Amino acid sequence: MTRTLAKLAATVATAALMVALGGPAAQAKDFLLGSELPLTGNLARVGQGMHEGIAVAIDMANKAQAGKHSFKVSTIDDETSPAKAVAAVEKLIGDGVVALTGGYGSNIIGPASEAAQKAGVVYITSGGVTPDLTGRGYKTFFRINNTDGYALAMIGLLQDMAAKKVSVVYLNKEATSNLAKQVKETLSAKGVAVTMHEFDGSTSDFKPLINKVKLQDRPDVVAMVGYENDYVGILRAAKVLKPDVKAMVGVWSLATSQMAKEFPDLMENVHGTSMLSFPVEFTQPEALEFAATYKKLFNKEPDYLGQFGYVQTRLLIDAILRADAAGTLAGGGLPDELRKTDAQTLIGRVTFDAKGDNPNFTHRMGQHQGGKVVLVWPKAFANGAMRFPATPW
Amino acid sequence: MIELTLQALFSGLLAGGYYATVAVGLALVFGAMRVINLAHGELVLLAAYIAYAAESRYGINPVMAIPIALVVVASASAIVYALLSRIEQDREINSLILTFGIGIIMTNGILTIWAADIHSTTNPWFQDSLVIADTLFAMNAEVAFFVGGLALMAGVYWWLNHSWQGRAVRALTSNRNAAMLMGVNPRQTEILSFMIAALLATFAGVAIYTGKTVFPSLGHVLTVKAFIITVLAGMGSIHGVLIGAIMIGVIESLTVTYLSASLQELAGMLLFLVVLFVSPSGLFGGRRALAR
């Protein structure tokens, strides 16, 4: 009897010890994330940049969680095709990914995130800014940037320039059209005369369009909303025709070190949205580690695409860890955990509203000056004076 | 208004020149072999990237890079020809499928080697503006390659009409068996057509590199444009390609100026459809193929 009692006591003590140590929750876990990105096709350049940022986030997470958990990402190229993006998402979900990070292009992210929503899998991105994406009310869709943030930056700069007449030259895709229209509406309400010029992605000679701007509109500022090859075409045409304007202002993919390096003659004094100056000047510990990891993995300085890819993935990983600790990850608790996010990141404060949007997002404006990108707006983040009036010619 | 119109016409003319230099190689190969080379745009793109590599790594002027690019593009064309010549059945449809696949391989090869960044020449002379009568504006690159392209097409036209090899190409198109009986070696003639097309593609590629921007997915766009112009011109008509290309360039430019730039492609396609409706064989198509 005494021996039996002793055995029973030992068993109970062992069980109690296991409970005290946390039992199954203390086991290290491998988390597999999925990423669907355009690594080929028209958006290959931006997809590759985001992919690098995601890789940095994974690397930093594994370092922080060493011995506890590990993270991996499975990436599928969507070839800048909506149909292939859907197939990629379905494949990744079939492979058992915990969540999805990536996507570029609102017209691609739309169907891809719809596929994720149907499977109840979280999809977080920084590559789709059009309002329609969050207007769908998907519980699983999250994004860290939006059209409003870009528009606020462009409008803010144009107001600081005291532009009275603005010509907006914009690509006829969804995100670019939405942004252009938002800029027009806001500026027109403030008494600025705005003329709109839509162009197709196949346009390679912008001289007829810029000539129309030069001879008919005669604006103070030309605002460009497109992608890299569009900007180069517009600036080339403007440099040939030399319209009498005070500034050339664009949005994404323009105020980057890559553009400064590839097209130095075209970029001088041109403005674009940029979270980072170039050369990059990081001071915060997380930012310094991000830059160092980026350099280690890719042997180059990070750009805004990598920055966005990193932030969205870092936030996702943080939410996964919280959900796992709370025991809600397997039960579909990740979306709710993401909605509790309130973090200071490399792009500023990030929270997610009921629609999955980040209402805090406001971009910054940079200007190409002598091969560097200087942040010039808002003044709180500016690290140099804006050159105005100033154009590349 | 007059200034706008004149600039639109001038820009359209120059754009047509670009289109023509891209399309004429495709037209030549089709005329000789009855094969539509859907990898033609990628050959043009390859030449552009060779010019980029030569300029960015070795500081070689893009024009000076033409011979280097020609060697590479000619080699690639030879490989395409070698694969095409193995097709024995349903040549027209099978060559479409084969060259489409080759185009995809080339596009992704370019992407792998040079990544997805956009590129263009950094040579300031090509980007400098040329102003005529304070009304017409263009880049030096556009005018230089327009003139060079005209000269090249004139040379091809002369070659097709006045050289033995050119006549052999035309004879082969007209009646293959009769041409063989007259001593024309079909294989040699076809290879020659491919090499001339490679020369034209090289020139077009360098022209695009100096006057526009290049990126890996551009090849497909160029092929489609070249195909449309080739059909518009009338299959195998070289001078028809030039006229058709200029028509497309001008209509696109006028549409951008007076309507909207987003309707540019639509305008070009409408012109294409109208011409085919009126003349189903194209502007100079039917029996009058290859230069006549």
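Among B:94, B:37, which is over 30 Å from residue B:140 (Cβ atoms), outside any helix (DSSP H, G or I) and more than 14 Å from chain A (Cβ to nearest Cβ)?
On inspection, the qualifying residue turns out to be B:37.
Among the residues of the stretch A:291-305, count how many are touching a Lys or Arg at 6+ places or on another chain (Cβ under 9 Å) and in a helix (DSSP H, G or I). Spell out how you get there, then give the answer.
Residues of the stretch A:291-305 touching a Lys or Arg at 6+ places or on another chain (Cβ under 9 Å): A:293-294, A:301-302, A:305.
Next cut, in a helix (DSSP H, G or I) only: A:293-294, A:305.
Total meeting the criteria: 3.
Against the definition (more than 12 Å from every other protein chain (Cβ to nearest Cβ) and among the β-branched types (Val, Ile, Thr)), how does residue A:240 come out, yes or no?
In short, no.
Name the one entry in A:65, A:48 that is more than 20 Å from residue A:306 (Cβ to Cβ) and assigned by TED's automatic domain parsing to the domain that holds residue A:331.
Exactly one of A:65, A:48 is more than 20 Å from residue A:306 (Cβ to Cβ) and assigned by TED's automatic domain parsing to the domain that holds residue A:331, namely A:65.
Could you check, for the stretch B:272-290, whether at least one of its residues is within 14 Å of residue B:16 (Cβ to Cβ) and within 14 Å of chain A (Cβ to nearest Cβ)?
Checked the stretch B:272-290: no residue is within 14 Å of residue B:16 (Cβ to Cβ) and within 14 Å of chain A (Cβ to nearest Cβ).
Among B:99, B:121, which is within 21 Å of the chain's Cα centre (by Cα), buried (at least 20 other Cβ atoms within 10 Å of the Cβ) and away from every other protein chain (no Cβ under 13 Å)?
When all the criteria are applied, what remains is B:99.
Looking only at the stretch A:321-364, filter to residues that are among the hydroxyl-bearing types (Ser, Thr, Tyr) and either modelled with pLDDT of 95 or more or outside any loop (DSSP other than H, G, I, E, B) (or both); which one of those is nearest to residue A:311 (Cα to Cα)?
Step by step, filter the stretch A:321-364, then rank; the result is A:345.
Looking at the stretch A:130-141, is at least one residue within 14 Å of another protein chain (Cβ to nearest Cβ), under 26 Å from residue A:79 (Cα atoms), touching a strand residue (DSSP E or B) at 6+ places or on another chain (Cβ under 8 Å) and not in a helix (DSSP H, G or I)?
no
So, in the stretch A:258-290, how many residues would count as being at pLDDT 90 or above, touching a Lys or Arg at 6+ places or on another chain (Cβ under 6 Å) and either among the aliphatic types (A, V, I, L, M) or part of a strand (DSSP E or B) (or both)?
Result for the stretch A:258-290: 0.
With respect to residue B:137, is the statement that it is crowded, with 19+ Cβ neighbours inside 10 Å and not in a helix (DSSP H, G or I) true?
In short, yes.
For the stretch A:211-230, enumerate the residues that are in contact (Cβ under 8 Å) with a residue 40 or more places away in the chain and either assigned to a helix (DSSP H, G or I) or among the aromatic types (Phe, Trp, Tyr) (or both).
If the condition is that a residue be in contact (Cβ under 8 Å) with a residue 40 or more places away in the chain and either assigned to a helix (DSSP H, G or I) or among the aromatic types (Phe, Trp, Tyr) (or both), then A:213, A:217, A:227, A:228, A:230 are the ones that fit.
Only one of A:202, A:188 is at the interface with another protein chain (Cβ under 9 Å from one of its Cβ atoms), free of Cβ contacts under 8 Å to residues at least 12 places away in the same chain and surrounded by fewer than 20 Cβ atoms within 10 Å (Cβ to Cβ). Can you tell me which?
On the way: A:188 fails: at the interface with another protein chain (Cβ under 9 Å from one of its Cβ atoms).
One residue alone meets the criteria, A:202.
Could you please let me know if residue A:107 is part of a helix (DSSP H, G or I), over 29 Å from residue A:201 (Cα atoms) and of a type in the set (S, T, N, Q)?
Here the answer is no, as residue A:107 does not meet what is asked.
Just checking, which of B:45, B:9 is in a helix (DSSP H, G or I) and either within 11 Å of chain A (Cβ to nearest Cβ) or out of contact with any Gly (no Cβ under 6 Å at 6 or more places or on another chain) (or both)?
B:9
Can you tell me how many residues within the stretch A:133-168 are touching a Ser or Thr at 6+ places or on another chain (Cβ under 7 Å), surrounded by fewer than 23 Cβ atoms within 10 Å (Cβ to Cβ) and without any contact (Cβ under 8 Å) to a residue 60 or more places away in the chain?
1
Would you check if there is a residue in the stretch A:153-165 being under 20 Å from residue A:376 (Cβ atoms) and either part of a strand (DSSP E or B) or polar (S, T, N, Q) (or both)?
Yes, the stretch A:153-165 contains a residue that is under 20 Å from residue A:376 (Cβ atoms) and either part of a strand (DSSP E or B) or polar (S, T, N, Q) (or both).
Scan the stretch B:110-126 and report the pairs whose first residue is without any contact (Cβ under 8 Å) to a residue 24 or more places away in the chain and whose second residue is small (Gly, Ala, Ser), with Cβ atoms within less than 8 Å and a gap of 6+ or a chain change.
Listed pairs, sorted by first residue: B:115/A:44.
Restricting to the stretch A:127-174, and then to whatever is among the polar types (S, T, N, Q) and more than 13 Å from the chain's Cα centre (by Cα), can you tell me which residue is nearest to residue A:196 (Cα to Cα)?
Top of the filtered list is A:167.
Got a number for residues in the stretch A:28-83 being under 30 Å from residue A:107 (Cβ atoms), in a helix (DSSP H, G or I) and polar (S, T, N, Q)?
The number of residues fulfilling the criteria is 1.
What pairs come out if I take residues in the stretch A:366-393 that are of a type in the set (Gly, Ala, Ser) and pair them with residues that are part of a loop (DSSP other than H, G, I, E, B) whose C-beta lies under 6 Å away, six or more apart or interchain?
Here the result reads A:366/A:255; A:366/A:274; A:390/A:269, each pair linking the stretch A:366-393 to a residue that is part of a loop (DSSP other than H, G, I, E, B).
Would you mind finding the one in B:181, B:172, B:200 that is modelled with pLDDT under 90, buried (at least 23 other Cβ atoms within 10 Å of the Cβ) and of a type outside the set (Ser, Thr, Tyr)?
Exactly one of B:181, B:172, B:200 is modelled with pLDDT under 90, buried (at least 23 other Cβ atoms within 10 Å of the Cβ) and of a type outside the set (Ser, Thr, Tyr), namely B:172.
Would you please name the residue that is surrounded by the most Cβ atoms within 10 Å (Cβ to Cβ), looking only at residues in the stretch A:205-237 that are over 20 Å from residue A:303 (Cα atoms), of a type in the set (Asp, Glu) and within 13 Å of chain B (Cβ to nearest Cβ)?
Restricting to residues being over 20 Å from residue A:303 (Cα atoms), of a type in the set (Asp, Glu) and within 13 Å of chain B (Cβ to nearest Cβ), the top hit is A:205.
Yes or no: the stretch A:261-269 includes at least one residue that is of a type in the set (Lys, Arg), within 14 Å of chain B (Cβ to nearest Cβ) and surrounded by 22 or more Cβ atoms within 10 Å (Cβ to Cβ).
No, every residue in the stretch A:261-269 fails to be of a type in the set (Lys, Arg), within 14 Å of chain B (Cβ to nearest Cβ) and surrounded by 22 or more Cβ atoms within 10 Å (Cβ to Cβ).
Just to be sure, is residue B:103 closer than 22 Å to residue B:23 by Cα, of a type in the set (Gly, Ala, Ser) and in contact with a His (Cβ under 9 Å, 6 or more places away or on another chain)?
yes
Mind telling me which of the residues B:210, B:230 ends up being at pLDDT 90 or above and over 22 Å from residue B:174 (Cβ atoms)?
B:210
The values are calculated or read from the model by the stated rules, or taken from the named source; none is laboratory data. Quick caveat, the model's predicted, so the values are computed rather than measured. Don't worry about glycine lacking a Cβ; one is built from the backbone with ideal geometry, like all the others, and counts go over all protein chains shown.
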